[in-house]
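Inspection log for the structure reproduced underneath, given as structure tokens.
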Amino acid sequence: MTLSLIAVYAIAVALFMVLLISLGFQPRIVTRLTGVLLLITGIFGTLFYGYGFYTNYGSIPQAVARTLFAVFCMFLGRNEIGAISSAPLFQSPVMLIFLYLTHLLALYCTASAVVAAIGTRLIRTLNLLLLRRGNLSLIFGVSDETVSFAQKLPKKTKKLFVDSGNGSSFDSKILHMGSLMFSDNDAKNGTADFLRHIGFRPGKRSLSVYCLDDNPSANLRYAQSLLGSLEKAGILPEQTSLTLILPDESVSSDFQASGSRYGYGSVLAYEREALLARLMVEAFPPCDTMRFDGRGKACENFEALIVGFGKTGQAVLRALVMNGQFTASRFHATIVAKGYAQQAGSFFSRYPAIREQYDLTFIDADARSVELYEQIQKTGPALNYVAICTGNDKEAGEIAVEFARLFETLGIDALILQCGGSVIRKNADRRGEAKTVSVLIPEILSSDQMDAAAMQINYAYYRSRGLSARELWAQCDYFSRMSCRASADFLNAFLRLAGTDRETAKRDDFALEAQVLENLAQTEHLRWNAFHYSMGYRPMPEDVWLERAEIYRRQKAAGETPIRIGKDPEKRLHACLIGWDELDALSEKENAVTGGTTDYKQSDRDNVEMLFALLKEAPEGGD
């Protein structure tokens, strides 16, 4: 009697402890454990009751029916042990204990399901209450990558996810991050009711929206729908920011608040491939593959090789054009892709000046072709940068290994990168250890982090208006923001060209020598040109400039606000897209019409000096 009582107590305590411990597990683990125990309990319950009922009653239909009923009742806390205890097998105390254990396991399965349901509901309620306080980050699209991205955002920011349709398996993980995932229709459509549900209203709280679903068109629809709800709810533009992956980044300016037009306070928009290319030049700057004289000039040309010319290869070319321009250096890129002409029509239609203004060599062949290897041997040690963009990770990895062997034989010290999907990979080589960088990182996708330097550049241009840097940034159109961002991204290259570093440049006694400044100004003009070419601009023809000059005269004589002669944003034409040595003549020609004192060369010098001045103003540890 005493031993039996001890056994009862021991089993009861053990089961209770199991329940307590299970509360500390991830729900995903509890679900799997419960599923296994459910299967085991069902099997043993069927075996025990099937045997007992058949032995005692002998009727197969009756035994089957009562067995199913008894097994079902096990999970509801009832038992039919008395009906089968007279069977010979259960005359053994050991087997009877096993029968009771089977019932206890059934109760555990039921209890754990109830506890999990109550616990999940409680955690969701608590997380929702916490979401109603502090700044919010809303991530549209649920995947391993977006969940990992959210974990890298500042801890003080509350995170919530909107599931576009396939993220239910992440609910438990998101819940235990202190976040919530919403999948109801109001959430999926970004309605005003959804905003009320999460407690977001006009005030000081901010909402950072990240539309990162694998379907770029879904990102576009969600950003548009949410924008309408934000306007309806009276949310101020400066409370919001938007980062989204689009099917076509040319429509991104529609989301930017500008003047009287409602929009998001800050917008970062990328085609997925453009985002990958931006990450590439952020993590592996072209200037780091170059040698400079420390006085503003390059000591070598920039030579790039791009394998593959689909959307990723095209985005990589744009990024290298924008970040590979240096005084005393020639930019050249070799693009090797089988059937490239069938893939590049849209690209060169949107960015015609890239092919017109830069030295590009196209090879219509496979990356393993004799033609390419002959070209590499011809280029030799001059090669700086290799980006493999085949769209096939396995193939890209094999090509990278083959290139590395060839380069070692030829003495080529070029950077070899594999660009595809959402990551950039570099194998271990003489430049350092292997490195893999994911696209979805806050440094790239968070406007607050990426725009800090760009915002200060914009402020430097317009501080005379008496507004704060953030207020001026809120009034800045999308193209101007992209221009400021491109300028900020190039600062490290200017430091390399000048032969200095951030800490030295921040010192009060630091100043650029006149010749160094002149050389950097020439690079600034090259960079400025490259940015405009990569945004679809072309040089303004002389006859167009003369027509606009005449329009300027008529408007000024009529007392109207005259057009800017040298820039036509609608047709993407700009008169300053010329060489450095031609700028003085353009300045004189324009001043003859306007009566002004424009000096375009001086503008480039001023831009360089402003960048270095901003370094001195930056807080310690900042950019």
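The values are calculated or read from the model by the stated rules, or taken from the named source; none is laboratory data. If you're wondering where the values come from, they're calculated on a predicted model, not measured in any experiment. Glycine gets a Cβ as well: all are built from the backbone with ideal geometry, and neighbour counts include every protein chain shown. Accessible surface areas use protein heavy atoms only, side chains included; no ligands, DNA or RNA. Shrake-Rupley method; radii C 1.70, N 1.55, O 1.52, S 1.80 Å.
Within the set of pairs 6 or more residues apart or between chains, which connect a residue that is closer than 16 Å to Gly50 by Cβ inside segment 93-108 to a residue that is open to solvent by 50 Å² or more (accessible area, probe 1.4 Å) with Cβ atoms less than 8 Å apart?
If the second residue must be open to solvent by 50 Å² or more (accessible area, probe 1.4 Å), the pairs left are Met95/Leu89; Phe98/Phe44; Thr102/Phe44; His103/Asn79.
How many of the residues making up segment 508-534 are touching a residue at least 24 places away in the same chain (Cβ under 8 Å) and more than 31 Å from the chain's Cα centre (by Cα)?
Residues of segment 508-534 that are touching a residue at least 24 places away in the same chain (Cβ under 8 Å), as a first pass: 508, 510, 512-513, 515-534.
Imposing the further condition that a residue be more than 31 Å from the chain's Cα centre (by Cα) reduces the set to 508, 510, 512-513, 515-522.
Counting residues in segment 508-534 that are touching a residue at least 24 places away in the same chain (Cβ under 8 Å) and more than 31 Å from the chain's Cα centre (by Cα) gives 12.
Only one of (1) within 24 Å of Leu220 (Cβ to Cβ); (2) in contact (Cβ under 8 Å) with a residue 12 or more places away in the chain; (3) more than 18 Å from the chain's Cα centre (by Cα) is not met by Gly324, so which one is it?
All conditions pass for Gly324, except number (1).
Out of the residues in segment 259-269 that are over 18 Å from Ala452 (Cβ atoms) and open to solvent by less than 30 Å² (accessible area, probe 1.4 Å), which is modelled with the highest pLDDT? Reasoning before the result, please.
Applying the first criterion (over 18 Å from Ala452 (Cβ atoms)) to segment 259-269 yields 259-263, 269.
Adding the requirement that they be open to solvent by less than 30 Å² (accessible area, probe 1.4 Å) leaves 263, 269.
Details: Gly263: 92, Ala269: 79.
The selected residue is Gly263.
Residues of segment 497-517 being surrounded by 19 or more Cβ atoms within 10 Å (Cβ to Cβ), more than 13 Å from Leu611 (Cα to Cα) and of a type outside the set (Val, Ile, Thr), which ones?
Leu497
For segment 544-561, which positions are under 21 Å from Leu577 (Cα atoms) and either part of a loop (DSSP other than H, G, I, E, B) or under 43 Å from the mean Cα position of the chain (by Cα) (or both)?
Within segment 544-561, Val544, Trp545, Arg548 meet the criteria.
Hey, does segment 370-393 have a residue that's of a type in the set (Asp, Glu), part of a helix (DSSP H, G or I), under 25 Å from Asp288 (Cβ atoms) and out of contact with any helix residue (DSSP H, G or I) (no Cβ under 6 Å at 6 or more places or on another chain)? Quick ask: steps written out before the conclusion?
So in segment 370-393, the residues of a type in the set (Asp, Glu) come out as 371, 374, 393.
After this cut, where a residue has to be part of a helix (DSSP H, G or I) as well, the list is 371, 374, 393.
This time we only want the ones that are under 25 Å from Asp288 (Cβ atoms), so: 393.
Restricting the remaining residues to those that are out of contact with any helix residue (DSSP H, G or I) (no Cβ under 6 Å at 6 or more places or on another chain) gives 393.
Checked segment 370-393: at least one residue is of a type in the set (Asp, Glu), part of a helix (DSSP H, G or I), under 25 Å from Asp288 (Cβ atoms) and out of contact with any helix residue (DSSP H, G or I) (no Cβ under 6 Å at 6 or more places or on another chain).
Across segment 69-90, which residue is nearest to Ser112 (Cα to Cα) among those that are aliphatic (A, V, I, L, M) and surrounded by 14 or more Cβ atoms within 10 Å (Cβ to Cβ)?
Ranking the candidates gives Met74 first.
Filter segment 133-179 down to the residues that are among the basic types (Lys, Arg) and surrounded by fewer than 15 Cβ atoms within 10 Å (Cβ to Cβ) and list them by number. Give the steps one after another, and end with the answer.
Pass one, segment 133-179, residues among the basic types (Lys, Arg): 133, 152, 155-156, 158-159, 173.
Arg133, Lys152, Lys155, Lys156 - these are the residues of segment 133-179 that are among the basic types (Lys, Arg) and surrounded by fewer than 15 Cβ atoms within 10 Å (Cβ to Cβ).
Condition first: at pLDDT 85 or above, aliphatic (A, V, I, L, M) and under 24 Å from the mean Cα position of the chain (by Cα). Can you find one or more residues in segment 127-135 that meet it?
The answer is no, given that none of the residues of segment 127-135 is at pLDDT 85 or above, aliphatic (A, V, I, L, M) and under 24 Å from the mean Cα position of the chain (by Cα).
Just to be sure before I move on: is Ile40 open to solvent by 60 Å² or more (accessible area, probe 1.4 Å), within 51 Å of the chain's Cα centre (by Cα) and at pLDDT 80 or above in the structure I sent? If you could, list the steps in order and put the result at the bottom.
Values: open to solvent by 60 Å² or more (accessible area, probe 1.4 Å): yes; within 51 Å of the chain's Cα centre (by Cα): yes; at pLDDT 80 or above: yes.
Yes: the conditions hold for Ile40.
Quick check on segment 359-409: of everything there that is aromatic (Phe, Trp, Tyr) and within 24 Å of Ala274 (Cα to Cα), which residue is least open to solvent (accessible area, probe 1.4 Å)? Working first, answer last.
Taking segment 359-409 first, the residues aromatic (Phe, Trp, Tyr) are 362, 373, 385, 403, 407.
Those left that are additionally within 24 Å of Ala274 (Cα to Cα): 362, 385.
Working: Phe362: 50, Tyr385: 0 Å².
Ranking the candidates gives Tyr385 first.
Given the conditions (1) within 29 Å of Leu383 (Cα to Cα); (2) modelled with pLDDT under 95; (3) in contact with a Lys or Arg (Cβ under 9 Å, 6 or more places away or on another chain), which single one is not true for Phe302?
It is condition (2) that Phe302 fails.
How many residues are of a type in the set (A, V, I, L, M) and either under 42 Å from the mean Cα position of the chain (by Cα) or modelled with pLDDT under 95 (or both) when one looks only at segment 575-595?
To start, the set of residues in segment 575-595 that are of a type in the set (A, V, I, L, M) comprises 575, 577-578, 583, 585-586, 592-593.
Next, only the ones that are either under 42 Å from the mean Cα position of the chain (by Cα) or modelled with pLDDT under 95 (or both) stay: 575, 577-578, 583, 586.
Residues meeting the conditions: 5.
For the subset of segment 270-313 comprising residues that are of a type outside the set (Lys, Arg), under 18 Å from Pro216 (Cα atoms) and in contact (Cβ under 8 Å) with a residue 40 or more places away in the chain, which member is most open to solvent (accessible area, probe 1.4 Å)?
Quick first cut of segment 270-313, residues of a type outside the set (Lys, Arg) only: 270-271, 273-277, 279-290, 292-294, 296, 298-310, 312-313.
Keeping just the survivors that are under 18 Å from Pro216 (Cα atoms) gives 270-271, 273-277, 310, 312.
Subsequent filtering for residues that are in contact (Cβ under 8 Å) with a residue 40 or more places away in the chain retains 271, 273-277, 310, 312.
Numbers: Glu271: 27, Glu273: 48, Ala274: 19, Leu275: 0, Leu276: 4, Ala277: 2, Gly310: 23, Thr312: 29 Å².
Within segment 270-313, the match that is most open to solvent (accessible area, probe 1.4 Å) is Glu273.
May I ask you to list the residues in segment 226-261 that are closer than 17 Å to Leu136 by Cβ, among the polar types (S, T, N, Q) and free of Cβ contacts under 8 Å to residues at least 60 places away in the same chain?
We begin by selecting, within segment 226-261, every residue closer than 17 Å to Leu136 by Cβ; these are 226-227, 229-230, 233-244.
Imposing the further condition that a residue be among the polar types (S, T, N, Q) reduces the set to 229, 239-241, 243.
Across segment 226-261, the qualifying residues are Ser229, Gln239, Thr240.
So which of Asn185, Asn189, Asn219 is in contact with a Cys (Cβ under 6 Å, 6 or more places away or on another chain) and closer than 23 Å to Ile235 by Cα?
Values: Asn185 fails: in contact with a Cys (Cβ under 6 Å, 6 or more places away or on another chain); Asn189 fails: in contact with a Cys (Cβ under 6 Å, 6 or more places away or on another chain).
The match here is Asn219.
Among the numbered criteria (1) more than 30 Å from Arg470 (Cβ to Cβ); (2) of a type in the set (S, T, N, Q); (3) open to solvent by less than 30 Å² (accessible area, probe 1.4 Å), which single criterion is violated by Gln256?
(1)
Can you tell me how many residues in segment 334-349 are under 13 Å from Arg318 (Cβ atoms) and surrounded by 16 or more Cβ atoms within 10 Å (Cβ to Cβ)?
3
Tally up the residues in segment 536-555 that are under 25 Å from Asp248 (Cα atoms) and open to solvent by less than 30 Å² (accessible area, probe 1.4 Å), please.
First pass over segment 536-555, keeping only residues under 25 Å from Asp248 (Cα atoms): 536-539.
So of that shortlist, the ones also open to solvent by less than 30 Å² (accessible area, probe 1.4 Å) come out as 536-537.
Total satisfying the criteria: 2.
Exactly one condition in (1) of a type in the set (Ser, Thr, Tyr); (2) farther than 29 Å from Arg318 by Cβ; (3) open to solvent by less than 30 Å² (accessible area, probe 1.4 Å) is false for Tyr478; which is it?
Tyr478 satisfies all of (1) of a type in the set (Ser, Thr, Tyr); (2) farther than 29 Å from Arg318 by Cβ; (3) open to solvent by less than 30 Å² (accessible area, probe 1.4 Å) except (2).
Can you list residue pairs whose Cβ atoms sit under 7 Å apart, with the first residue in segment 66-79 being within 16 Å of Leu39 (Cα to Cα) and the second being part of a loop (DSSP other than H, G, I, E, B)? Count only pairs 6 or more apart in sequence or on different chains.
Matching pairs, first to second residue: Ala70/Glu80; Cys73/Asn79; Cys73/Glu80.
Among the residues in segment 427-440, are any surrounded by fewer than 16 Cβ atoms within 10 Å (Cβ to Cβ), part of a helix (DSSP H, G or I) and either modelled with pLDDT of 85 or more or of a type outside the set (A, V, I, L, M) (or both)?
no
Provide a single number: the residues in segment 329-348 that are without any contact (Cβ under 8 Å) to a residue 12 or more places away in the chain and closer than 20 Å to Glu300 by Cα.
Within segment 329-348, the first condition is being without any contact (Cβ under 8 Å) to a residue 12 or more places away in the chain, and the residues that meet it are 342, 345-346, 348.
From what is left, the residues that are closer than 20 Å to Glu300 by Cα are none.
Of the residues in segment 329-348, 0 are without any contact (Cβ under 8 Å) to a residue 12 or more places away in the chain and closer than 20 Å to Glu300 by Cα.
Here are some residues: Ile363, Ile354, Ile335. Which one is closer than 30 Å to Val608 by Cβ, of a type outside the set (Ser, Thr, Tyr) and either at pLDDT 95 or above or out of contact with any Lys or Arg (no Cβ under 6 Å at 6 or more places or on another chain) (or both)? Step through it out loud before you land on a result.
On the way: Ile363 fails: closer than 30 Å to Val608 by Cβ; Ile335 fails: closer than 30 Å to Val608 by Cβ.
The unique qualifying residue is Ile354.
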